[in-house]
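FYI, it's all coordinate maths here, none of it is from the lab. These numbers were taken from a predicted model, which means no experiment stands behind them. Cβ placement follows ideal geometry from the backbone for every residue including glycine, while neighbour counts extend to all protein chains displayed.
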Ligand code: NAP
Ligand code: HSE
């Protein structure tokens, strides 16, 4: 019996994720060949710097810095893009798809910005474009939305989608360690993006939300239109105060179908400590999906790092390789045809809010704040005033949990008191997600 012809693979990039892919393909070669029905052979690896150390599983003779050597090689069946960034990754993938190669990518930035166009190119050429690793690291969330929930309608998605943010928030809460020192650890562990501002300012989670929205809501999303907040402004004191009301603080990416519109937002939020999302910690990601027929579904796993992410890349590799051997390329993604959907404005968002006013401890201050909220129709559910400044002149926090109300009303109330003499620091508010 002659052994089946191997599938030829090229890697674009061999850093954290690419190194993990080379390792798994080498270490699990027999298992992969059995699952696919043919061996997989990495032939070429595009990098920038030939002198940089690589894993043993990525021998020097595979390496090149010349994209032509990779993209112009007609023997390559599958291109695995693990280099990141917008350009030249977009041009390389467009060329690979246009020339009939299957593509696997871990690049959420690219998919968030150019996913619909790349999917059209893949459909036109009947080839696969797979991107499991772009969202949720090692969690099979793309496959779940694309395959498992294909018979249902997704009503909402609430995700802890950035491992770096979750790692930082968890350690800030547990250890009170400084933001900067924890971020350095996240970088050392290979969780953070090349530019960690993408993580901590919320853009990475926003890109992942845009990618999920293509599958969950069939929506083509302009990421520049999303409301995105990161974790830099999360204060130690808010963790302590959140505990008083049985909340934890999580960085969430939220997508909710609202009739013809979509509510899409990324921000830190207060989450009840009894909620499953409140208990997903460290680098773990969690995606809580509500299906109309299914009801709730929760996926949890490692959201970043070499091997968890490489597991997702290799699972895509197996899928597209199998499809290629079965002459069924392009079936997996051809039904994803995202269209533009308009977004709900944040002012129209209705939820509960946590408000913190650091004020002078003087008679009448509480009344003025309560009046400002009342004038905007914001009703108070709970209120706590911490400590007493005595005659130190230090501000005291007034903490308020509102009933459900419009965000526009909360912001108007804050505007009306923020410049008052009794307000010692800018007022803060955080959305409460009762999930
Ligand atoms: P990385 O460690 O910085 O590796 C990037 C690799 O791409 C390096 O090997 C680099 O070459 C190569 N590269 C970059 N630009 C290139 C160019 N213009 N031409 C040729 N080679 C180029 O990045 P990573 O953490 O592995 O991330 C890769 C992708 O996976 C990104 O899209 C990222 O968002 C995504 N992702 C990462 C994780 C994670 O946990 N790290 C998880 C999920 C998804 P040199 O080695 O020569 O510099
Ligand atoms: N920097 C990303 C994170 C990697 O921290 O989640 C996974 O996409």
Subtracting the Cα-Cα distance of residue 383 and residue 34 from 0.36 nm times their residue separation yields 119.4 nm
Here the gain from full extension of residue 60 to residue 325, 0.36 nm per residue of separation minus their alpha-carbon distance, amounts to 92.5 nm
Simple spin-label estimate for residue 418/residue 236, 7 Å along Cα→Cβ, in nm, reads 2.6
Convex hull around the C-alpha positions of region 269-311: the volume in Å³ per residue is 90
Rounded to one decimal in Å, the inverse mean reciprocal Cα-Cα distance for region 239-385, i.e. its Kirkwood radius, is 20.0
To the nearest 10 degrees, the tilt of helix 163-175 (Cα long axis) against the first principal axis of the alpha carbons of the chain is 40
Two pseudo-spin positions, 7 Å from Cα along C-beta at residue 188 and at residue 124, lie apart in nanometres by 4.8
Sorted largest first, the C-alpha extents of region 39-116 along its principal axes in whole angstrom are 36, 25, 23
Per GNM of the chain with C-alpha springs under 10 angstrom, the most fluctuating residue out of 327, 281, 107 is 327
Relative contact order of the chain (C-alpha contacts under 8 Å, at least 6 apart) in percent is 17
Once residue 345 and residue 246 are pulled to full extension, the length gained, defined as 0.36 nm per residue separation minus their Cα-Cα distance, is 32.8 nm
Averaging 1/r across every pair of distinct alpha carbons in region 372-435 and inverting yields a Kirkwood hydrodynamic radius, in angstrom, of 13.1
Which of 420, 332, 122 fluctuates most in a GNM of the chain (C-alpha springs under 10 Å)? That residue is 420
Across 45, 384, 311, the residue with the highest GNM fluctuation in the chain (Cα network, 10 Å cutoff) is 384
Rounded to the nearest 10 degrees, the helix 108-124 long axis (Cα) sits at an angle to the longest Cα principal axis of the chain of 40
Between the Cα axis of helix 203-216 and the main Cα principal axis of the chain, the angle (0 to 90°, nearest 10) is 70
With only helices counted (DSSP H, runs n ≥ 4, each -39500 (n - 2.57)), the per-residue ellipticity at 222 nm for the chain, to the nearest 500, works out to -10000 deg cm²/dmol
